[in-house]
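Trainee: I'd like to ask you about the structure that follows.
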Amino acid sequence: MNLAEKIHQTAISYGDKPAIVFEGISYSFTNIDKEVGRYASVLKQLGIGPGIRVAFQLDKCMEFIFLHLANLSIGGITLPLNSGYQTDEVEYFLSDSESSLFVTDSKRYHTHLPMLEKIGVKVAVINNETVTGAVNLRGLLEKVSTVTEQHNFPTGDDDVAVICYTSGTTGRSKGAMITHRNLIANMLDLKNIWQWTENDILLHILPLFHVHGLFVALHGSLYAGSTVIMHERFEPDRTWRTMVEENCTMMMGVPTVYQRLMNEWDKLPAKPDLSSMRVFISGSAPLSINLFARFEKATGFRLLERYGMTETGMNTSNTYDPTGRKPGSVGFPLPGVSLRVIDGEGKDVVPGEIGEMLLKGDNVFKGYWQMPEKTKESFVDGWFRSGDLGYQEPDDEMRVYLSGRAKELIISGGYNVYPKEVETVLETHAAVKECAVVGLFDEDFGEKVTAAVVLQDGFDEINPAEIITFCRSKLAVFKCPKTIHFIDELPRNAMGKIQKNQLVERYKR
Ligand code: MCA
Ligand code: AMP
């Protein structure tokens with residue numbers, strides 16, 4: 001089975017029903033299905049077929065959705081890239097994945113041009129502009145307006161559908177190979193446990209280039225035959241208004257989104273009538289007990305928290321029954337997911353004790369793209385090592401709690417930041433002798449990227465803002481330090497290892 005085939009089948013059942021209303025423009029299931037056929041035809045003309053990687057770096061738009069589903073329908077592999085990635089980051093993803101086609105807009109094309117010429121990838125731009133050196137996608141689409149690609153879905157269940165890059169604690173980013181089986185299994189599980197139906201109207205405010213916005217929210221809705229009300233970007237006031245005006249029933253967000261919705265709530269002169277809503281889902285980062293309580297007190301809704309990873313899709317979820325949602329807990333393994341907790345020696349812990357969580361099921365990815373060693377290290381006896389620490393409560397049906405991370409990772413507003421990647425960039429600045437990057441508590445983003453920097457001799461006058469600007473030219477903004485502290489020397493233990501916990505203690509408010 002192919003994910004796009006599942007969605008094609010839903011399109012046949014729901015025909016003229018609105019599937020996506022993007023910034024006020026409505027696309028029925030049939031419209032989308034036809035567009036997917038046209039885009040598939042164009043992609044085929046451009047040489048795309050089974051196993052070929054196509055990378056997209058686009059703002060949130062309908063073209064992203066058409067391209068992605070079209071690509072899957074002909075067996076291609078989608079590489080969704082964060083719209084904020086800078087040229088150096090994009091270069092690595094395109095080269096490492098050996099992508100045959102890079103689809104972007106003309107502005108990004110010009111920004112990345114020297115790099116794109118260097119690596120020699122074929123580029124297509126989506127806005128209707130003639131750009132030297134790039135294919136005009138819209139021009140090609142116009143020529144296939146009547147003849148559409150017949151869907152043939154040339155894939156097996158275990159063929160790769162999407163490669164999502166996840167940064168590494170050491171070294172290079174790894175491309176997680178996610179198969180059609182992974183996507184479909186997880187989608188079916190979520191449909192069942194969240195009682196998702198064609199009567200739902202989902203408010204979609206997340207980016208499309210990550211698991212949360214693309215797989216969970218978009219694939220899930222299209223498959224259930226529901227309607228998606230899609231906003232190009234998240235704006236708290238508009239989110240509350242749209243929820244009421246469009247009679248939305250579901251919404252998904254990261255904790256930062258709910259935090260901002262609450263801040264907005266306090267300012268609203270008249271509170272919105274949320275009687276059409278049935279569930280607000282939170283994930284991608286820890287939801288604090290305070291925010292859970294604040295949201296319930298204000299709206300009457302108990303946020304439904306679930307836990308996932310790029311490599312596994314969704315693993316656990318709180319119950320659909322609101323009384324079974326416990327603040328601080330990520331709920332129970334999904335029906336198709338098995339979970340174990342192991343100690344440092346690889347033995348299962350006594351229930352209730354903290355250890356590393358291992359995962360197994362049809363949701364678990366196939367491995368890291370062209371990194372057999374890393375893939376091997378990530379599995380023990382067929383179980384995937386999540387790198388997350390947690391425990392199961394024996395007195396509450398083995399309910400799962402996350403309690404920390406074995407991996408060094410900062411989650412800022414739902415985006416993952418690996419300190420090592422930021423440190424590597426910082427160290428290329430002439431003024432930086434050495435540095436350490438940590439995450440500090442932040443009410444808005446959950447964690448805030450913060451750097452401690454030891455300066456090279458002779459750079460005492462440098463302004464931290466200059467170093468931040470330098471980082472922004474090399475890294476997506478969300479990875480860049482929000483604050484830089486200059487320090488005479490980094491705290492180290494007897495082995496010479498940097499004591500990051502001491503830095504956190506020192507700089508926390
Ligand atoms: C924006 N900025 C950020 C972030 N977002 N800085 C740090 N962390 C961030 N997450 C920067 C902006 O570039 C801007 O920089 C400044 O902060 C203020 O931006 P603002 O306008 O307030 O932000 P925004 O554009 O409104 O975005 C906030 C957001 C967004 C809506 C919370 O970050 C977001 O959509 N996050 C969701 C990410 C997501 O979908 N994660 C799922 C990953 P300047 O100084 O230049 O103005 S999937 C996953 O994790 C797993 C599988 C799972 O379980 O789901
Ligand atoms: P990513 O690599 O973007 O897929 O991020 C996955 C990581 O996000 C997980 O390994 C967890 O550390 C974290 N995460 C996802 N959902 C939650 C949650 N509900 N609570 C705490 N952490 C979460």
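Trainee: Quick check on I184: is it within 25 Å of T319 (Cβ to Cβ), out of contact with any helix residue (DSSP H, G or I) (no Cβ under 7 Å at 6 or more places or on another chain) and not hydroxyl-bearing (S, T, Y)?
Mentor: Numbers: within 25 Å of T319 (Cβ to Cβ): yes; out of contact with any helix residue (DSSP H, G or I) (no Cβ under 7 Å at 6 or more places or on another chain): no; not hydroxyl-bearing (S, T, Y): yes.
So I184 does not fit the description; no.
Trainee: For the range 258-284, name all the residues that are surrounded by 22 or more Cβ atoms within 10 Å (Cβ to Cβ) and either on the phi > 0 side of the Ramachandran plot or out of contact with any Leu (no Cβ under 7 Å at 6 or more places or on another chain) (or both).
Mentor: Within the range 258-284, L261, G283, S284 meet the criteria.
Trainee: Hey, can you tell me all the residues within the range 158-217 that are among the small types (G, A, S) and more than 19 Å from the chain's Cα centre (by Cα)? First the steps, then the outcome.
Mentor: Narrowing the range 158-217 to residues among the small types (G, A, S): 161, 167-168, 171, 173, 175-176, 185, 213, 217.
Result: G171, single match.
Trainee: Let me ask something additional. Kindly list, by first and then second residue, each pair from a residue in the range 273-294 that is more than 21 Å from G213 (Cα to Cα) to a residue that is within 10 Å of ligand 2 (Cβ to nearest atom) and of a type in the set (G, A, S), limited to pairs with Cβ atoms under 7 Å and residues at least 6 apart or on different chains.
Mentor: I289/G328
Quick grid of which residues meet (1) within 16 Å of ligand 1 (Cβ to nearest atom); (2) more than 30 Å from A161 (Cα to Cα):
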residue: R238; (1), (2): yes, yes
residue: T242; (1), (2): yes, yes
residue: E245; (1), (2): no, yes
residue: I289; (1), (2): no, yes
residue: F295; (1), (2): yes, yes
residue: T319; (1), (2): no, no
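Trainee: Continuing with this model, one more query. Considering only the range 425-432, I want to know if a residue exists there that is more than 16 Å from ligand 2 (Cβ to nearest atom), at pLDDT 95 or above, over 27 Å from the mean Cα position of the chain (by Cα) and not in a loop (DSSP other than H, G, I, E, B). First the steps, then the outcome.
Mentor: Going through the range 425-432, the residues more than 16 Å from ligand 2 (Cβ to nearest atom) turn out to be 425-432.
Those still in the list that are at pLDDT 95 or above too: 425-432.
So of that shortlist, the ones also over 27 Å from the mean Cα position of the chain (by Cα) come out as 427-432.
Subsequent filtering for residues that are not in a loop (DSSP other than H, G, I, E, B) retains 432.
There is at least one residue in the range 425-432 that is more than 16 Å from ligand 2 (Cβ to nearest atom), at pLDDT 95 or above, over 27 Å from the mean Cα position of the chain (by Cα) and not in a loop (DSSP other than H, G, I, E, B).
Trainee: Which condition breaks for P269 when tested against (1) within 23 Å of A217 (Cα to Cα); (2) more than 16 Å from ligand 2 (Cβ to nearest atom)?
Mentor: That leaves (1) as the condition not met.
Trainee: Okay, next question. Kindly establish whether V36 is assigned to a strand (DSSP E or B) and at pLDDT 95 or above.
Mentor: Numbers: assigned to a strand (DSSP E or B): no; at pLDDT 95 or above: yes.
Criteria not met by V36.
Trainee: Would you mind finding the one in S26, S13, S83 that is out of contact with any helix residue (DSSP H, G or I) (no Cβ under 7 Å at 6 or more places or on another chain), at pLDDT 95 or above, of a type in the set (G, A, S) and in a helix (DSSP H, G or I)?
Mentor: Details: S26 fails: in a helix (DSSP H, G or I); S83 fails: in a helix (DSSP H, G or I).
Being out of contact with any helix residue (DSSP H, G or I) (no Cβ under 7 Å at 6 or more places or on another chain), at pLDDT 95 or above, of a type in the set (G, A, S) and in a helix (DSSP H, G or I) holds for just one of S26, S13, S83, which is S13.
Trainee: For G446, state whether it is in contact (Cβ under 8 Å) with a residue 40 or more places away in the chain and on the phi > 0 side of the Ramachandran plot. Steps first, answer last, please.
Mentor: On the way: in contact (Cβ under 8 Å) with a residue 40 or more places away in the chain: yes; on the phi > 0 side of the Ramachandran plot: yes.
When the stated conditions are applied, G446 passes them.
Trainee: Here's something else I'd like to know. Restricting to the range 443-496, and then to whatever is surrounded by fewer than 18 Cβ atoms within 10 Å (Cβ to Cβ) and in a strand (DSSP E or B), can you tell me which residue is nearest to ligand 1 (Cβ to nearest atom)?
Mentor: That would be T483.
Trainee: Return yes or no: is I178 in a helix (DSSP H, G or I), modelled with pLDDT of 95 or more and under 17 Å from M1 (Cβ atoms)?
Mentor: Working: in a helix (DSSP H, G or I): no; modelled with pLDDT of 95 or more: yes; under 17 Å from M1 (Cβ atoms): yes.
No.
Trainee: In the range 205-237, which residues are in contact (Cβ under 8 Å) with a residue 40 or more places away in the chain, outside any helix (DSSP H, G or I), surrounded by fewer than 22 Cβ atoms within 10 Å (Cβ to Cβ) and away from ligand 2 (no atom under 16 Å from the Cβ)?
Mentor: G225, H231, E232, R233
Trainee: Looking at the range 295-318, which of the residues that are in contact (Cβ under 8 Å) with a residue 40 or more places away in the chain and among the β-branched types (V, I, T) is surrounded by the most Cβ atoms within 10 Å (Cβ to Cβ)?
Mentor: So in the range 295-318, the residues in contact (Cβ under 8 Å) with a residue 40 or more places away in the chain come out as 303-304, 307-317.
Then drop every residue that is not among the β-branched types (V, I, T), which leaves 310, 312, 316.
Values: T310: 19, T312: 22, T316: 24.
Looking at the filtered set, the residue picked out is T316.
One line per residue, one yes/no per condition, for (1) more than 16 Å from ligand 2 (Cβ to nearest atom); (2) in contact (Cβ under 8 Å) with a residue 60 or more places away in the chain; (3) in contact with a Pro (Cβ under 9 Å, 6 or more places away or on another chain):
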{"site": "P394", "(1), (2), (3)": "yes, no, yes"}
{"site": "M398", "(1), (2), (3)": "yes, yes, yes"}
{"site": "A406", "(1), (2), (3)": "no, no, no"}
{"site": "I411", "(1), (2), (3)": "no, yes, yes"}
{"site": "E434", "(1), (2), (3)": "yes, no, no"}
{"site": "D460", "(1), (2), (3)": "yes, no, no"}
{"site": "C480", "(1), (2), (3)": "yes, no, no"}
{"site": "F486", "(1), (2), (3)": "yes, no, yes"}
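Trainee: Kindly evaluate K107 against the criterion of being surrounded by fewer than 24 Cβ atoms within 10 Å (Cβ to Cβ), of a type in the set (K, R) and in contact (Cβ under 8 Å) with a residue 40 or more places away in the chain.
Mentor: Values: surrounded by fewer than 24 Cβ atoms within 10 Å (Cβ to Cβ): yes; of a type in the set (K, R): yes; in contact (Cβ under 8 Å) with a residue 40 or more places away in the chain: no.
Spelling it out, it is not the case that K107 is surrounded by fewer than 24 Cβ atoms within 10 Å (Cβ to Cβ), of a type in the set (K, R) and in contact (Cβ under 8 Å) with a residue 40 or more places away in the chain.
Trainee: Okay, moving on. Would you point out the residue of the range 1-38, among those that are more than 28 Å from D362 (Cβ to Cβ) and of a type in the set (F, W, Y), that is surrounded by the fewest Cβ atoms within 10 Å (Cβ to Cβ)?
Mentor: Initial filter on the range 1-38 (more than 28 Å from D362 (Cβ to Cβ)): 15-18, 21-28, 30-31, 34-35, 37-38.
Filter once more, keeping what is of a type in the set (F, W, Y): 22, 27.
Details: F22: 17, Y27: 20.
Across the range 1-38, the extreme among qualifying residues is F22.
Trainee: Further question: Condition first: of a type in the set (D, E) and surrounded by 14 or more Cβ atoms within 10 Å (Cβ to Cβ). Can you find one or more residues in the range 372-392 that meet it?
Mentor: Within the range 372-392, the subset of a type in the set (D, E) is 373, 377, 381, 388.
Retained after the next criterion (residues that are surrounded by 14 or more Cβ atoms within 10 Å (Cβ to Cβ)): 388.
Yes; the residues of the range 372-392 include at least one that is of a type in the set (D, E) and surrounded by 14 or more Cβ atoms within 10 Å (Cβ to Cβ).
The values are calculated or read from the model by the stated rules, or taken from the named source; none is laboratory data. The structure presented is a predicted model; accordingly, all values stated were derived computationally and were not measured. Positions of Cβ are backbone-derived with ideal geometry, glycine not excepted, and every protein chain shown enters the neighbour counts.
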